[in-house]
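A short write-up of the structure that comes next.
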Ligand SMILES: [Mn+2]
């Protein structure tokens, strides 16, 4: 039981008893005492049973649906055609001494199982006798007293709809059985040297049984090839969660705009982001939040987050939460004192227009690179207007002289991983966008001090990033609730 649920039990139970003892019936009366006590207990347990989650990272009821995970296992087995796939989750990682980093499952494993415990492996059999089998930690009431609930194979099999489940200790022994006579061994080849060695050793052990008529898989294939393609196109279950993660992250950016004042430190604003994520059940950011005031915004992956925020400077925040394994990724840039200067506004409007141009092109059948090219043309025209670059739009793009001020690309796939899986090119060509793909659109402009550049523009670093889902009709901006135009931002920041 989670701490939260324990909390709600104690609160109700204690209040019921206190009401009775101190207000309603101060002089005793065992019958009435018991009646009220049992009503209290009944209310308490109804609330506990209706708490939406039995899992640690699933605060919203629709996320509890396990059917999508089973469907994905079936689809992967169909794509494999035949053979056995072995997909381990991530190991626990020590932070220091006997303290671990907060546990994060492997994305591929979670995509196919919805199972968030460490020390677990999924085994899939394709072909005529399809099976999905989980290996996980056994129930251990003594360990659970210290480390919390674990499902154990029997409950995990039921709850997550596997065909079979076994204790993780039996993995090697069962794998030798399961691998027998399978033509292909699928696993994330090369992702983890320890697993590579372990599985190849098992295959060798199986080869020694050849005289008994059992054949070892003679082909090895990287299971990530079919999996990455599946994960690239999000299903409805995924887009529901991503929409939720996006909305929580929008709330966090809005909150950051509301609370920021000159004289604060970057980490104080970071704390507000984390608070907003966590209070909605998204306990972790999807990546380390970038909270970059003034010149720090020109360092693309600045994560120091410990400088003072000064009036007259901009604050760039690139932050998004992870909810039930899915990332949001939003960047907003706003003035520390709540009002854009003329120079800041000029650059901001260029980046905003570039982003609008990119989002407008993001629709089915358009090539991956098209939003980047659309954003780049607007940015370069802006750089010419600001006298940052010289020449024509085409010549600046040709010579790449814009890269001094815009050195990254305009987006990436987004999903379980913030830079999500999926190829950007197919057969040497940029791939066409398809409904269900989710990408970020994030143009920017970063002007470091340079005598060739007007001084009013020095240390302006701006990026504007939204999460875009490609739909049949065009696209849906998942992160549209985060204030973005100059007037929306100044309105949000107006202090009473
Ligand atoms: Mn991004």
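Annotation: the residues 385, 235, sorted from fewest to most other C-beta atoms within 10 Å of their own C-beta, follow the order 385, 235. Expressed to the nearest 5 percent, the antiparallel share of DSSP beta bridges inside the range 61-227 is 55 percent. Return the FRET efficiency for the residue pair residue 308, residue 235: r is the Cβ-Cβ distance, R0 is 45 Å, and the value is rounded to the nearest 0.05. After rounding to 0.05, the efficiency reads 0.50. In terms of packing, defined here as the mean over residues of other Cβ atoms within 10 angstrom, the peptides 326-336, 395-405 line up highest first as 326-336, 395-405.
In this rough spin-label picture, where each label sits 7 Å from Cα along the Cβ direction, the residue 159-residue 218 distance is 4.3 nm.
In the calculated pair distance distribution of the range 74-142, what percentage of Cα-Cα distances lie above 13 Å? That tail contains 67 percent of the Cα-Cα pairs. Modelled label positions at residue 208 and residue 144, each set 7 Å beyond Cα in the direction of Cβ, lie 3.8 nm from each other.
Dividing the summed -39500 (n - 2.57) terms of all DSSP H runs of n ≥ 4 by the residue count of the chain sets its mean residue ellipticity at 222 nm at -12500 deg cm²/dmol.
The Cα atoms of the chain cover 84, 74, 48 Å along the three principal axes, with the biggest extent listed first.
The stretch between residue 365 and residue 191 holds 59.4 nm of extra length on full extension. This uses 0.36 nm per residue minus the Cα-Cα distance.
Dividing the convex hull volume of the alpha carbon atoms of the range 162-226 by its residue count gives 106 Å³ per residue.
When 65, 318 are sorted by how many other C-beta atoms sit within 10 angstrom of their C-beta, beginning with the fewest, the order is 65, 318.
Our Cα-only numbers for the range 233-493 put the radius of gyration and Dmax at 17.7, 53 Å. Could you calculate the FRET efficiency of residue 481 with residue 90 from 1/(1 + (r/R0)^6), where r is the beta carbon distance between them and R0 is 45 Å, rounded to 0.05? For residue 481 and residue 90, the calculated efficiency is 0.90. Please give the Cα centre distance for the range 223-290 versus the range 310-331, rounded to the nearest Å. One Cα centre to the other: 7 Å.
Neighbour counts of other Cβ atoms within 10 Å put 151, 340 in the fewest-to-most order 340, 151.
Spherically averaged projected area of the convex hull of Cα atoms, the range 426-496: 8.5 nm². The range 205-222 and the range 147-190 have Cα centres spaced 19 Å apart. Can you compute the FRET efficiency between residue 174 and residue 419 using 1/(1 + (r/R0)^6), with r the Cβ-Cβ distance and R0 = 25 Å? Round to the nearest 0.05. The formula returns an efficiency of 0.10 here. With equal scatterers on the alpha carbons only and no solvent term, can you work out the Debye log10 of I(q)/I(0) for the range 61-227 at 0.11 1/Å? Computed log10 I(q)/I(0) values: -0.46.
Taken together, the values in this text are just the output of simple stated rules run on the coordinates, not laboratory data. Computed from a prediction, not measured in an experiment: that's the story for all the values here. Neighbour counts are summed over all protein chains in view; Cβ atoms, including those assigned to glycine, are modelled from backbone coordinates with ideal geometry.
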